[in-house]
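Visitor: This is the structure I want to talk about, given as structure tokens.
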Amino acid sequence: TYYAPGDFHSVAISADGSCVAAGNGSHVFFWNNAKSRTPGNTDPTWTSKDLFGPIEYRSLDISDDGNYVVASGTGDSVFYWGDTKGISPGTTNVPTTWEYSYGYHFSQVHAIDLSSDGNYVVAGTNYEVGQGYAAVAYWKNAKSLTGHPGDPPPNEDGPKPDWMSTDPFADVLDVAVSDDGNYVASADVGSTVYYWANAKYRSVSETTCTWHSNHIPFNAIDMSSDGNSVIAGAADGAYFWGGARTLTGKPETESWKYPTAGYVWDVAINAAGDYMAASDGTRCVYFLDNKGGLKWQYGPLYNTPFVLSISSDGGTLAIGTGTYASRYLVSTGFKTLPPRAVG
């Protein structure tokens with residue numbers, strides 16, 4: 001356990017559990033060799049520079065190997081650190097490897113996601129009245145980028161996105177990118193799930209989504225590691241699209257919907273897209289298969305389950321709620337076996 005002033009709003013963990021990043025009201029903290037820490041040896045390996053705002057929920061991610069970290073949520077910027085495991089223990093005020101600022105046009109980057117290898121970044125912003133749209137931005141070759149706001153033109157805002165879609169017409173609350181970086185999805189509070197295929201090969205002018213959902217307010221999104229299965233949480237249930245990489249409809253009808261009595265706060269899907277979970281305002285968690293079958297329901301819990309995280313094989317589900325009895329670790333009873341290639 002580690003304590004720091006102020007609340008921790010976000011956390012991310014590497015695939016093998018050896019690296020952890022956490023964001024509080026102003027900084028990102030990083031621990032290397034987290035699994036081997038003992039009481040009295042829990043100081044972070046390094047602490048970022050002051051980011052001048054909280055690193056909110058869904059605004060922090062880490063690569064599978066733990067060597068790359070991306071953050072947002074403090075305002076209009078995206079922050080990226082490379083070679084995170086190579087930073088000397090005890091270092092504070094660590095600068096970003098690169099960062100990008102949207103400037104005055106956007107007041108908040110609500111969500112961020114990083115590909116498994118750390119080389120592709122996706123960010124979602126709020127709706128800006130003056131611009132008339134929200135945005136989903138995409139950076140490729142993120143590991144080799146450099147630059148910061150204040151650089152000479154034309155990169156005075158930092159390294160520009162390779163493309164930025166203005167399809168969303170409301171605040172983007174969640175984004176997801178496939179392991180290989182080639183598929184992107186977003187959910188916005190206004191009405192829609194958007195999906196972009198061929199993301200790595202789009203030009204700056206190729207910003208229109210490949211498909212989008214019917215107009216329903218969505219709050220959360222997740223996708224399988226190959227980008228072919230997408231689950232989203234809405235005001236009236238969990239929505240699932242199978243074969244997402246080949247869909248082209250505008251709107252595109254979901255493969256199935258699992259209705260819930262309350263607002264779905266979060267969703268999570270395993271790497272293969274075989275099993276997924278959703279949590280809602282009735283304080284219940286639902287565990288589903290990719291045909292929409294309910295495998296089990298848990299709850300009502302003491303507080304609303306706002307946060308879900310699932311293991312890559314689907315066998316373990318973590319649930320985070322409110323102040324009391326706030327964390328649960330559940331053996332789901334179902335796994336993708338034997339392991340198969342998914343990305």
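Visitor: Using square roots of five times the C-alpha gyration tensor eigenvalues, list the equivalent-ellipsoid semi-axes of segment 1-50 in whole Å, biggest first.
Guide: Sorted largest first and rounded, they come to 18, 13, 9 Å.
Visitor: How big is the dipole moment of segment 19-98 about its Cα centre under a simple scheme where the beta carbon of each Lys and Arg is +1, that of each Asp and Glu is -1, and everything else is neutral? Debye, nearest 20, please.
Guide: 220
Visitor: While we're on this one: Return the long-range amide H neighbours of residue 45 (sequence gap of 5 or more, or a different chain), with a cut-off of under 5 Å between placed amide H atoms.
Guide: Correct list: 30, 31, 32.
Visitor: Here is a further query. For segment 239-303, which trypsin sites (Lys or Arg not before Pro) are in a loop by DSSP, counting at most 11 other Cβ atoms within 10 Å?
Guide: Sparse-neighbourhood loop trypsin sites (Lys or Arg not before Pro): 291.
Visitor: So, one more: Roughly how big is segment 201-294's charge dipole about its Cα centre, with Cβ charges of +1 (Lys, Arg) and -1 (Asp, Glu), in debye to the nearest 20?
Guide: Computed charge dipole of segment 201-294: roughly 120 debye.
Visitor: Can you list the HN-Hα couplings for segment 289-294, worked out from phi with the Karplus curve (6.51, -1.76, 1.60; θ = phi - 60°), rounded to whole Hz and with x for Gly and Pro?
Guide: So the Karplus estimates, Gly and Pro as x, are 9, 6, 9, x, x, 7 Hz.
Visitor: How much of residue 248 can a 1.4 Å solvent probe reach, expressed as accessible area in Å² and rounded to 10?
Guide: The accessible area of residue 248 comes to roughly 100 Å².
Visitor: Moving to a separate point now. With θ set to phi - 60°, apply the Karplus curve 6.51 cos²θ - 1.76 cosθ + 1.60 along segment 157-168 and write out the HN-Hα couplings as whole Hz, x wherever there is a Gly or Pro.
Guide: So the J values, rounded to whole Hz, are 9, x, x, 6, x, 5, 7, 9, 8, 10, 4, x.
Visitor: Label segment 213-282 by shape, choosing from rounded, prolate and oblate, from the square roots a ≥ b ≥ c of the eigenvalues of the Cα gyration tensor; if a/c is under 1.5 it is rounded, and otherwise prolate applies when a/b is larger than b/c, oblate when it is not.
Guide: oblate
Visitor: Another question, if that's okay. Assuming a viscosity of 0.890 mPa s and a temperature of 25 °C, what translational diffusion coefficient in µm² per second does Stokes-Einstein assign to segment 258-343, Rh being the Kirkwood radius over Cα pairs?
Guide: Answer, rounded: 190 µm²/s.
Visitor: Amide H to amide H, which residues 5 or more places from residue 10 or on other chains are under 5 Å from it, using H placed in the peptide plane?
Guide: 23
Visitor: Still on this model: For residue 291, go through the aspartates and glutamates and keep the ones whose alpha-carbon is under 15 Å away, minus same-chain ones fewer than eight residues off.
Guide: Result set, ordered by chain and number: 254, 274.
Visitor: Counting only heavy atoms of protein chains, what accessible area per residue, in Å², does the chain have with a probe of 1.4 Å?
Guide: Using a 1.4 Å probe on heavy atoms only, each residue of the chain averages 41 Å².
Visitor: Is there a quick way to get the dipole size of segment 52-202? I mean about its Cα centre, with the Cβ of Lys and Arg at +1 and of Asp and Glu at -1; what is the value in debye to the nearest 20?
Guide: 180
Visitor: Using a 1.4 Å probe on the protein heavy atoms, what percent of the accessible area of the chain belongs to carbon and sulfur?
Guide: About 51 percent, which is the carbon plus sulfur part of the accessible surface.
Visitor: I'd like the Kirkwood hydrodynamic radius of segment 142-218, using the inverse of the mean 1/r over distinct C-alpha pairs, in Å.
Guide: Hydrodynamic radius (Kirkwood, Cα pairs) of segment 142-218 is 13.8 Å.
Visitor: Of the cross-linked pairs 140/257; 35/85; 35/140; 35/143; 200/257; 49/85, which ones have a Cα-Cα span greater than 22 Å in the structure shown?
Guide: Table pairs above 22 Å Cα-Cα are 140/257; 35/140; 35/143; 200/257.
Visitor: Of all GluC sites (Glu not before Pro) in segment 41-144, which ones are in loop regions per DSSP and have a Cβ with at most 15 other Cβ atoms within 10 Å?
Guide: Sparse-neighbourhood loop GluC sites (Glu not before Pro): none present.
The values are calculated or read from the model by the stated rules, or taken from the named source; none is laboratory data. As the structure is a computational prediction, the values presented were derived from the model and not from experiment. Cβ: placed from backbone, ideal geometry, glycine included. Neighbour counts: every protein chain shown. Note: accessible area is taken over every heavy atom of the protein model, side chains too, but ligands, DNA and RNA are not part of it. Shrake-Rupley method; radii C 1.70, N 1.55, O 1.52, S 1.80 Å.
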